[in-house]
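Computed from the coordinates by the stated procedures, all read-outs in this text should not be read as laboratory data. Everything numeric here is computed off the predicted structure, so don't read it as measured data. Here Cβ is always computed from backbone atoms with ideal geometry, including for glycine, and neighbour counts include all displayed protein chains.
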Amino acid sequence: MEMREEKFYTAKDVAKMIKMSEMSAYRLIRKMNADLEKEGKIVIKGKISKRYFEEKTGI
């Protein structure tokens, strides 16, 4: 069975990358997801698209 790369970061992933608490990462994801919803995109609670996250943060 082939392993697929995940297309989303979790709050735990974001917290590690930005060196912040998981709670702060959840707040950041919530804000980014709200912006995506305003653009008419479908979001998943507690996760953020890798592509969108990397575009917005430059990471």
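A few remarks follow.
- Qualifying chymotrypsin sites (Phe, Trp or Tyr not before Pro) in segment 1-48, where qualification requires a DSSP coil assignment and no more than 12 other C-beta atoms within 10 Å, are lacking entirely.
- Across the chain, the longest piece that holds none of the GluC sites (Glu not before Pro) lying in DSSP loops with up to 14 other C-beta atoms within 10 Å covers 7-38.
- Database remark: amide H of VAL43 closer than 5 angstrom to no amide H (H placed geometrically; neighbours at sequence offset of 5 or more, or on other chains; Pro and chain starts carry no H).
- The relative contact order of the chain comes to 37 percent, based on Cα pairs under 8 Å that sit 6 or more residues apart.
- Scattering curve values for segment 8-57, log₁₀ I(q)/I(0), Debye with Cα scatterers, q = 0.21, 0.23, 0.28 Å⁻¹: -0.63, -0.76, -1.09
- Each other residue within a Cβ distance under 13 Å of ILE29 adds +1 if Lys or Arg and -1 if Asp or Glu, for a net charge of +4.
- Extension gain for ASP35-MET23 works out to 2.4 nm (0.36 nm per residue, less the C-alpha to C-alpha distance).
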